[in-house]
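Data block below; observations after.
The values are calculated or read from the model by the stated rules, or taken from the named source; none is laboratory data. Treat the numbers as computed from the prediction; the structure is a model and nothing was measured. With ideal geometry, Cβ positions are generated from the backbone for all residues, glycine too; neighbour counts draw on all protein chains shown.
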Amino acid sequence: MKKIFIILSLFALTNCQNVPKMMETWMGHDKTKLIMSWGPPDSTFAFSEKITIYSWDGIMSNAYGQSGKVCDMNFYINNETNVIVNYQTGCGIQPIM
């Protein structure tokens, strides 16, 4: 989770629109490389017999270190090849505490 927080903190300095661009770079890669880079997913879901969704919950912070945006980052993994075949992200705003 610490790695994903750092990654998202960097993207938060520009805006949430960069998250899909970053996720796009993982298309076609093996899930093991993703997990080695991001750490274990926060959750996994069986989407179908052939696809499992690996999900990370990221909290973005602004330049002052205040947390405010939450981005769910989901990668769709082919169970037979262990390759990333799709991704989805959703960023929402939560109050800064």
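For the range 28-37: of the residues being hydrophobic (A, V, I, L, M, F, W, C) and either under 12 Å from ASN74 (Cα atoms) or free of Cβ contacts under 8 Å to residues at least 12 places away in the same chain (or both), which is surrounded by the fewest Cβ atoms within 10 Å (Cβ to Cβ)? Let's see the steps before the verdict.
Of the residues in the range 28-37, the ones hydrophobic (A, V, I, L, M, F, W, C) are 34-36.
Filter once more, so that each one left must be either under 12 Å from ASN74 (Cα atoms) or free of Cβ contacts under 8 Å to residues at least 12 places away in the same chain (or both): 34, 36.
Numbers: LEU34: 19, MET36: 10.
Among those residues, the one meeting the criterion is MET36.
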Open item on the list: For the range 1-42: of the residues being modelled with pLDDT under 90 and not in a helix (DSSP H, G or I), which is farthest from ASN86 (Cα to Cα)?
Closed with: LEU13
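The rows are residues; the columns are (1) modelled with pLDDT under 95; (2) surrounded by fewer than 15 Cβ atoms within 10 Å (Cβ to Cβ); (3) part of a loop (DSSP other than H, G, I, E, B).
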| site | (1), (2), (3) |
| --- | --- |
| THR44 | no, yes, no |
| ILE77 | no, no, no |
| GLU80 | no, yes, yes |
| ILE84 | no, no, no |
Task: Residue, surrounded by the most Cβ atoms within 10 Å (Cβ to Cβ), within the range 49-74, restricted to residues that are modelled with pLDDT of 95 or more and among the hydrophobic types (A, V, I, L, M, F, W, C) - done: ILE53
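Determine whether the range 87-95 contains at least one residue that is surrounded by 13 or more Cβ atoms within 10 Å (Cβ to Cβ), modelled with pLDDT under 95, aromatic (Phe, Trp, Tyr) and outside any strand (DSSP E or B).
So the first thing to find is which residues in the range 87-95 are surrounded by 13 or more Cβ atoms within 10 Å (Cβ to Cβ), and the list is 87-89, 91.
Cutting the leftovers down to modelled with pLDDT under 95 gives us 87-89, 91.
Going one step further and asking which of them are aromatic (Phe, Trp, Tyr), we end up with 87.
With outside any strand (DSSP E or B) added as a condition, the list becomes none.
No, every residue in the range 87-95 fails to be surrounded by 13 or more Cβ atoms within 10 Å (Cβ to Cβ), modelled with pLDDT under 95, aromatic (Phe, Trp, Tyr) and outside any strand (DSSP E or B).
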